[in-house]
Every structure is written in structure tokens, then in C-alpha cells.
1. Given H placed 1.01 Å from N in the peptide plane, which residues other than close sequence neighbours of V175 have an amide H under 5 Å from its amide H?
2. If you take the beta carbon distance between A112 and D52 as r and set R0 to 22 Å, what does 1/(1 + (r/R0)^6) give as a FRET efficiency, to the nearest 0.05?
3. Could the peptides 63-74, 210-221, 110-121 be put in order, highest first, of the mean number of other beta-carbon atoms found within 10 Å of their residues?
4. Test of the criteria: in region 155-230, which GluC sites (Glu not before Pro) are in a DSSP loop and have at most 14 other Cβ atoms within 10 angstrom of their Cβ?
5. Give me the 1.4 Å probe accessible area per residue for the chain, excluding ligands and nucleic acids, in Å².
6. As an exercise, take the mean of 1/r over every pair of distinct alpha carbons in the chain, invert it, and state the Kirkwood radius in angstroms.
7. Which value in nm describes the separation of the simple spin-label points at E101 and E73, placed 7 Å from the Cα toward the beta carbon?
8. Could you tell me the center-to-center distance, by alpha carbons, between region 171-196 and region 60-111 in angstrom?
Amino acid sequence: MSIVLSGIRPTGNLHLGNYFGALKNFKKMQHENECYFFIADYHSLTTHPTPDDLHGNVRQVLIEYLAAGIDPETATLYIQSDLPETAELYLLFNMNAYKGELERVTTFKDKARKQPDNVNAGLLTYPSLMAADILIHRAHKVPVGKDQEQHLEMTRTFAKRFNRLYKVDFFPEPVAYNFGEELIKIPGLDGSGKMSKSDDENSAIFLADEPKVISKKVMKAVTDAGPTKMNSPKSEPVENLFSLMKAVSEPETVQYFNDLYNKCEIRYGDLKKKLAEDIITFIEPIRERIKEISANDAYIKKVVKMGKEKAHISGSKTIKEVREIIGFREFN
Ligand code: ADP
Ligand code: TRP
């Protein structure tokens, strides 16, 4: 049995990328492993230091997690700031994290470029906080999308470094994981890049989107002028639509449109119409559950309390041992 952990930042509603990258396989694993799923609210401050409604965002992401199939009785579903042991482990990791290696992380460089007026220490040390999230439960497997591979490499670096410096075999070396499948990148609808909540709203399909909104977004998705030669390679925007289709549609549907493409008989309008229908069918039950759970404050409160208690049992055990290992001891 492995310890599995994943997390999402509460910076907006969940989209199909989050679902396929981090949630779908977690859902499958939760009954066979010891699973933790958390809402990375500390992390969200690295890009959104003064959020308009942090509590509301955390609540929304929690609801969407539950609606997407996380079972809070089986897995431990908690809020990062409800486990302050994470912050202590982060502080300790930071003592052995070096400026040079942190500055080389791609996501840091990207974010520094995107928010030049706010290149804060939290952004620089994002990987040590993420390592603390994972290692506070001594997790082995981390279901994430492809974009998180480098962060997992940093987590292994911090785990190995800790073991070496303090001469212990305490932390595992966690791996990015997708249930035996390749790590996935769900593209956006704007023709390039991954689906993300921080980009243009029209590029992402959210789990809470109404059917009409989904149709509108998909019909507006970027394509190209169409194939002119049989069996020609696809342009990035068209490849992206096929990737989305692979995620939500039956394999026969993908095959059907692929054949049409190869024969230069494809009509992108038809492809988009079918894609929109399949996304709507896929999201429908999740959206319904989002509505149901949103109306049940007592249930949400119960889930949060239960998650906090369960996370604390595991987190406090780790931090106690870490303190012992480093040499913070009680006076007798
Ligand atoms: P966003 O990029 O929209 O801000 P997060 O950074 O909070 O989302 O990502 C949370 C999880 O969802 C991570 O495991 C990340 O790898 C995964 N994820 C986000 N976008 C995608 C995507 N387009 N394809 C696959 N996985 C994704
Ligand atoms: N960095 C992740 C993201 O942006 C979110 C995250 C924070 C996370 N801590 C984590 C994911 C621990 C997995 C495990 O997508």
C-alpha cells in the first residue's frame, strides 16, 4: 500500500485539466491506498497575496473536489492551512534549500516574468513548501499533471538531502504519478498551452460550467484552415481539440474524426459540436453534485473538521520525528 497525496491551489474554479491531471486517477486510487488530498491555500498567496475571497475560493474548490469523486471518509481531504505542521516542515526544508537551485525552477522563472512587481520569497521557495506538503505525510506517489514534474524532482532532492544530512532513512523519494499512465497535459481552447484557470476564461472548461457556456467556448476554439494533403500532420490547435476529445469521448469517436481528417474531409464545426456534446455529458453529473453539495453547509463543515483531524494525526507524527532527528528535544 502506498501513501498518495495531491493538491490544488484555490485560485479559481476547477477545470478539465485539473480533473484529468490530478483528480481522475486519485479517485481510482483512494480505495486501495492511504490517500491525502488538500487545498493549497498557503500556496495561493504566492500569486494572489491579498485574495478577494480566500474563504469562498477554498469552499468552492472543496465542493468541486467532493463533486469530482473524492470520498472524504476514505481519503483525507483537508485544507493546507489547517495543518500548520506543513509550515514548520517548510521552514526546516528552507534551511537546506539553496537560492541557485530555487532560481532555476521553470515555474519560478515563468511566474517572475508574469508578476515582475511581486517576485516574493514565497514564490522562490514554492518548491520547498510543496515538498513539505508531500513529505509531511511521507507520501510515495503524487498524482499531478505534466507541468509538476520538476517540482517533484525538487521534492526528491529535499528528501534525499534531509536523509543524507541527518544520516537517516526517513523520507521516501516521491514520484509524480498517473496510475500507470503517462503524465497528462490537457490543452486549452486557445490553440496553445495547457488549460489553466489563470489564463483567459474562454480557454478553460470549468467543472461548474453550464452546457450553453461549454458549447459557446468549444465552438469558438481556435482551429486552422483545414488539411490540404491526405494524412498530413495536425497543427497544434487541431491536435489540442483531438487531445480533449481523447479525454472525454469514446475511442470510436476519436477514430471517426481522425479518419475524416486524414481523408481531408473533416469539418471542424462537426468535430466541435460532437466535442461540446461529449464534454457536456461528461460534466453533467459533476455539475449536479456541485449544486447539491453547495447547498449543504453542515456537510461541508463536517468534511473540513474530519479532514483537519485526520491530517493532524499523520502530520504531527512526522514533525515530531523530524524534530527528534534534527535535535529539537524536550527537557526532562
Ligand atoms: P492551474 O494551472 O489551473 O492554476 P493548478 O496549478 O492549481 O491549476 O493545478 C492543480 C493540479 O492540476 C496539478 O496537479 C496540475 O498538474 C494539474 N493540472 C492543471 N492544469 C492541467 C492541465 N491542463 N493538464 C493536466 N493537469 C493539469
Ligand atoms: N504546485 C501544484 C500546482 O500548482 C499544487 C500543489 C501544491 C501540489 N502542493 C502540492 C500538488 C503537493 C501536489 C502535491 O498545481
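The values are calculated or read from the model by the stated rules, or taken from the named source; none is laboratory data. Quick caveat, the model's predicted, so the values are computed rather than measured. Neighbour counts run over all protein chains shown; Cβ positions are idealised from the backbone, glycine included. Side chains are part of the model used for accessible areas, which takes the heavy atoms of the whole protein and leaves out ligands, DNA and RNA. Shrake-Rupley method; radii C 1.70, N 1.55, O 1.52, S 1.80 Å.
1. Correct list: K141, V142.
2. After rounding to 0.05, the efficiency reads 0.40.
3. Top to bottom by mean Cβ count within 10 Å: 63-74, 210-221, 110-121.
4. E181, E182
5. 49
6. After inverting the pairwise mean of 1/r, the radius is 21.2 Å.
7. With each label point 7 Å from Cα toward Cβ, the separation is 4.3 nm.
8. Each part reduced to its Cα centre gives a spacing of 17 Å.
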